[in-house]
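The structure appears right after this line, and notes come after that.
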Amino acid sequence: MTIKLLAIGKTDSKPLQLLISEYENRLKHYIRFSMEVIPDIKNAKNLSEAQQKEKEGEMILKKLAPTDILILLDENGKQYTSVDFSNYLQKKMNSGIKQLVFVIGGPYGFSDAVYQKAQGKISLSKMTFSHQMVRLFFVEQVYRAFTILKNEPYHHR
């Protein structure tokens with residue numbers, strides 16, 4: 001299985017990007033992982049919230065293969081402990097999925113079309129984080145999940 005993270009807009013912060021890269025490199029020992037950044041919409045300030053979500057939604061859906069399983073990182077999604085998330089990933093791997101795609105949307109969330117295509121929603125917290133921070137937190141949690149599955153000491157129970 002491959003895990004792919006799609007995110008709207010680039011990460012401006014060099015220190016954050018270094019940390020994200022650190023966890024991406026660590027993940028290579030466990031699974032094929034990639035992160036793809038979908039560029040910010042040009043002239044977004046001239047668009048309504050709905051128009052912006054619609055355009056971002058079109059770009060997200062273009063990145064998906066028909067067999068991909070789409071999971072949205074959404075504030076209204078299901079919350080997991082790190083151990084439960086590792087079990088969730090294990091079940092997905094056991095089910096024979098080729099590619100599991102997680103998406104961090106833009107500032108206004110997702111279009112209806114993206115919600116309709118999604119097979120699940122996960123929330124990392126009840127708190128709100130910047131889209132750039134969510135990337136780091138998510139990649140770290142995927143890494144943590146694999147160390148849990150391998151009984152490695154990174155995650156202390």
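Any read-out appearing in this document is the output of simple, stated calculations on the displayed coordinates, not a laboratory observation. From a predicted model like this one, the values you see are computed outputs, not experimental measurements. Every residue, glycine among them, receives a Cβ derived from its backbone with ideal geometry; neighbour counts consider all protein chains shown.
In terms of the Cα gyration tensor, with a ≥ b ≥ c the square roots of its eigenvalues, is the stretch 40-108 rounded because a/c is under 1.5, prolate because a/b exceeds b/c, or oblate? It is oblate, given that a/c is not under 1.5 and a/b is not larger than b/c.
Counting every pair of alpha carbons in the stretch 84-136, the share spaced more than 15 Å apart comes to 59 percent. Relative to the longest principal axis of the Cα atoms of the chain, helix 82-94 runs at roughly 90 degrees.
Taking Cα pairs under 8 Å and at least six residues apart, what relative contact order does the chain come out at, in percent?
Taking the mean separation of contacting Cα pairs over the length of the chain, I get 34 percent.
Against the chain, whose longest principal axis comes from its Cα atoms, helix 49-62 is set at around 50 degrees. Judged by the ratio a/c of the largest to the smallest principal axis of the C-alpha gyration tensor, the stretch 1-135 counts as prolate, that ratio being 1.5 or greater while a/b is larger than b/c. Amide hydrogen proximity for residue 6: with H placed 1.01 Å from N in the peptide plane, the residues at 5 or more positions away or on another chain lying under 5 Å are 36, 102, 103, 104. Build a GNM of the chain with springs between Cα atoms under 10 Å apart, and of 64, 124, 100 the one that fluctuates most is 64.
For the stretch 55-157, the square roots a ≥ b ≥ c of the C-alpha gyration tensor eigenvalues yield an a/c of 1.5 or more together with a/b not exceeding b/c, which makes the shape oblate.
Between helix 131-149 and the chain there is an angle of about 20 degrees, using the helix long axis and the longest principal axis of the Cα atoms.
What FRET efficiency comes out for residue 95 versus residue 34 if R0 is 22 angstrom and r is the Cβ-Cβ distance? Round to the nearest 0.05. Kindly include the intermediate steps, with their values, before the conclusion.
Values: r = 20 Å, r/R0 = 0.91.
After rounding, the FRET efficiency stands at 0.65.
What the Cβ-Cβ distance of residue 13 and residue 108 gives, at R0 = 25 Å and to the nearest 0.05, is a FRET efficiency of 0.70.
Close amide H contacts of residue 110 (hydrogens built in the peptide plane, cut-off under 5 Å, sequence separation of 5 or more or a different chain): none are found. Around the amide H of residue 122, modelled in the peptide plane, lie the amide H atoms of 72, 73, 74, 78, all under 5 Å away and 5 or more residues distant in sequence or on another chain.
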